[in-house]
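The block underneath contains the structure these notes are about, expressed in structure tokens.
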Amino acid sequence: MRARLKMPVVFATFLIIISLYVYIHEIGFSQATVSDSHELSFFSLSSVRRFFTTQLTVPENVRTLGTMNSTDGCRRLWLAGQSLWFDYKFNASLSPVWTRHNKKLTPVISSWWKTLQTNKLTSVPDVINEALKVISDEDPYWVRDLSRCLRCAVVGNSGNLRGSQYGQLIDSHDYVFRINKAPTKDFISDVGSKETHRFTYPESFMAPGPDANFVLMDFKLLDVAWLTSALTNGTVTRTYMNVKKTINVTKSKVMIYNPSLMHHIHTEWMEKHGRYPSTGNLAMFFALQICDEVNLFGYGANSNGNWDHYWQKDDGSHNSFFKKTGVHDSDFERSIMMSLQSAGKIKIYAGVR
């Protein structure tokens, strides 16, 4: 009996030692804080398994160019081995855009996505195929240039941007992401003027800058059908409210957010808190998939817990209905962002309050 137990006991002891090593390595002998909660709670045999397999997080379907310079000071958030919690959840193989290469959704993802905002359309293949006849069906992010450091600013709409004087810093980034109807005119000193990506859904559409990409936030099949219509014959004029009949954007610069990434964020990162992630949260994860460094500006509720906007001087209570209905869990989203910052994957600029 003792002989039979010897190997399992030795193996169990080995796992405990390795687990303790990984745990100590992860927290760096530092004192735990609230923002560390997600990192510290990730303590399981899966973390041990990831410890032995950490490597460059560049999937086979992503082509690389150049040679990485390890002395350029670039954070390169996608490098594995810095945070086991991040490495376990991060899926570098997921493109943030929906193209012909990944247009087929799994039954689980398709069913989940179609219930976010219901409508009469049911055939995912029919709707996405029509859209990809109008916009580019290629993935613009399948090449990662290792010789450069792609720095991205994701600019939220929080009132904490008022008086921040972040404009010049924001504009110094390679990519600048803006969300929904956030204006830059009259606010340039605080939010900058540069724009490379505009993330909106049909009901919140605002034309992107002349050289910017339009990323459709598709929370239902009708959103994709609207996109095709707005770029062609203008037959879709209403979703759950009136929407623009046509839009004036460059078709080659139009992208559709990948529902598979949306589902991954909801299940893996958000752990199913809320019905689905907010647009601001999705924009941040879009950046995490393609950028080397990600800096967040204009995120965070005010002292009343409301999502106020920097261009509106009010308490933001009318903007917080999603939180009240449980569609989004802003508190959990905030905790994930703080944990990403603690793990060195993003930097959050707090603004002025």
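The values are calculated or read from the model by the stated rules, or taken from the named source; none is laboratory data. Everything numeric here is computed off the predicted structure, so don't read it as measured data. When we count neighbours, we look across all protein chains shown, and the Cβ atoms used for this are built from the backbone with ideal geometry, even at glycine.
Restricted to segment 213-241, and to residues there that are out of contact with any Lys or Arg (no Cβ under 6 Å at 6 or more places or on another chain) and either outside the structural domain of GLY280 (by TED's automatic domain parsing) or β-branched (Val, Ile, Thr) (or both), the residue that is surrounded by the fewest Cβ atoms within 10 Å (Cβ to Cβ) is THR235. Say whether the condition of being part of a strand (DSSP E or B), modelled with pLDDT under 85, surrounded by fewer than 18 Cβ atoms within 10 Å (Cβ to Cβ) and under 23 Å from the mean Cα position of the chain (by Cα) is met by at least one residue in segment 60-70. Checked segment 60-70: at least one residue is part of a strand (DSSP E or B), modelled with pLDDT under 85, surrounded by fewer than 18 Cβ atoms within 10 Å (Cβ to Cβ) and under 23 Å from the mean Cα position of the chain (by Cα). Looking across LYS272, LYS244, LYS253, one residue alone is on the phi > 0 side of the Ramachandran plot, surrounded by fewer than 22 Cβ atoms within 10 Å (Cβ to Cβ) and modelled with pLDDT of 95 or more. It is LYS272. Can you tell me which residue within segment 137-179, out of those that are modelled with pLDDT under 95 and aliphatic (A, V, I, L, M), is surrounded by the most Cβ atoms within 10 Å (Cβ to Cβ)? Step by step, filter segment 137-179, then rank; the result is LEU146. All conditions but one from (1) surrounded by 17 or more Cβ atoms within 10 Å (Cβ to Cβ); (2) touching a residue at least 40 places away in the same chain (Cβ under 8 Å); (3) of a type outside the set (S, T, N, Q); (4) closer than 18 Å to THR228 by Cα apply to LEU105; the one that does not is (4). Quick check on ASP87: is it surrounded by 12 or more Cβ atoms within 10 Å (Cβ to Cβ) and either part of a loop (DSSP other than H, G, I, E, B) or modelled with pLDDT under 80 (or both)? Taking the combined requirement at face value, the residue does not satisfy it. Taking each residue of segment 113-124 that is part of a helix (DSSP H, G or I) and looking for partners that are of a type in the set (Ser, Thr, Tyr) with beta-carbon atoms closer than 9 Å, six or more apart or interchain, yields TRP113/SER260; TRP113/TYR276; LYS114/THR122; VAL124/SER110. Screening the candidates ILE290, ILE247 for the property of being within 15 Å of the chain's Cα centre (by Cα), in the same structural domain as ARG334 (by TED's automatic domain parsing) and either of a type in the set (Val, Ile, Thr) or farther than 26 Å from GLY351 by Cα (or both) yields one hit, ILE290.
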